[in-house]
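A short reminder: the numbers here are calculations on the coordinates, not readings from a lab. Just so it is clear, the structure is predicted and the values come from calculations on it, not from any experiment. Cβ atoms come from the backbone with ideal geometry, glycine included; neighbour counts cover every protein chain shown.
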Amino acid sequence: MSQPALLLAFDIVLLTTLLALALAAVLSPEPRRAVMLFIAFGLWLSLVWARLHAPDVALAEAAIGAGLGGALMLAAARRAARAAQRGTARRADDGAR
Amino acid sequence: MTEPADWARSDRARERARDLSLLLAVLLALLGVVLLAVYFLALNGGAAPRLAELALARVPQSGVGNPVTAVLVNYRAYDTLVELAVLLAAVLGIWSQRPAPPGFQRSSAVLAGMVSWVVPLLIVTSGYMLWVGGYAPGGAFQAGALLGAAGVIVRLAGDPTAGLPGEAVQRWLLVLGVLMFALVGLALMLLGAGFLTYPPKLAKWLILLIESAATIAIGTALAAAYVGGRPSAKGQGPSAGEASAAPSSSSLGPRP
């Protein structure tokens, strides 16, 4: 296989996986899972940026978009889950009363 | 007796949620169509004279060799200044919500050992990123993100302050980026050069000064955002805890 054809195949794999990760992250019903998929999406997107010869954006995407954004969103998802748990517990209490 | 009413209410809520998600989907689809249309218009717009060549030609006079850094800190310095202000506003919003939640439990010896290796490496890498941003991919945002990641790791390993100093010092570190940017801009204005118009001879050092301050501010802001609340809002109690936590974060190194 010649080099352009190989690169084209690589790009197609890259883009299909990126779209699949994005859809999975958006459609995932559980926040924690969605955040993990979003982190994977961010790392994959940084590969796409590197492929587009934009190493600055790739670095920023990997460090901020996937790394720190992911950490912040994981913390938020944990808090949201805890708040939801507390909410359902209260509702169950009300129902029992 | 209340059950039918409850049912009706939850039904209506479900319907409203479904309507809302439908509306969102339609709006997003429209946005996608608009973006595609703009993209094709731009593709078929022909090769009009653009700014890129002019900007690229002037990079040697901007004080840095990396075109991205030149755009970020020299050509469009306003944007970066306001971006730093946005980050500051985000941290202020987080601080106004509630006091910081308690941290995680102290890490075991294995994780603590790894943290004592990774955190210094992250700090050194951050300094490298900052310096290399002058002539290659890198720069203040990436360097600041690495510093913030070091803070996140320290907090995950059990230090509730994420290795940050007390609130008074933290406030100064948070505003450092905007402050240095604005001070340099105002000083240049007083010297008659115009707000953030660097003279080519001084440009390199002014940019390095601004980027260093911005790196520290971004790192502090990201770590403070991960802490998730104002550090000493519970009164005077935690300040003593911070005083004892600060040395412990610096003594994360090998313990006997």
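Before moving on, here are some points about what is shown:
- Whole-number D in µm²/s for the protein assembly as shown (Stokes-Einstein; Kirkwood sum over Cα pairs; 20 °C, 1.002 mPa s): 90 µm²/s
- Residue (of B:VAL124, A:ALA71, B:GLY166) at the positive-pole extreme of the protein assembly as shown, dipole from beta-carbon charges: B:GLY166
- A simple spin-label model places pseudo-atoms 7 Å from Cα toward Cβ; at B:GLN105 and B:ARG18 they are separated by 4.5 nm.
- Within the listed set B:LEU196, B:LEU43, B:LEU111, the Gaussian network model of chain B (springs between alpha-carbon atoms below 10 Å) gives the highest mean-square fluctuation for B:LEU43.
- Note on chain A: Cα Rg divided by 2.2 N^0.38 Å, N the number of residues, gives 1.52.
- Rounded to the nearest 20 debye, dipole of chain A from Cβ charges on Lys, Arg, Asp, Glu: 680 debye
- Between helix A:31-51 and chain A: long-axis angle, C-alpha atoms, 0 to 90°, nearest 10: 20 degrees
- Residue-span extension gain [B:MET114 to B:TYR135] - 0.36 nm each, minus C-alpha spacing: 4.4 nm
- Inter-centroid distance (Cα atoms) of the range A:1-79 relative to the range B:175-213, Å: 36 Å
- Placing +1 on the Cβ of every Lys and Arg and -1 on the Cβ of every Asp and Glu, with no other charges, gives chain B a dipole of roughly 220 debye about its Cα centre.
- Across the range A:16-40, the residues whose backbone nitrogen lies under 16 Å from the label position 7 Å along the beta-carbon direction of A:THR88 are A:29-33.
- For chain B, excluding the exposed loop sites themselves (trypsin sites (Lys or Arg not before Pro), DSSP loop, at most 16 other Cβ atoms within 10 Å), the longest remaining stretch covers B:107-200.
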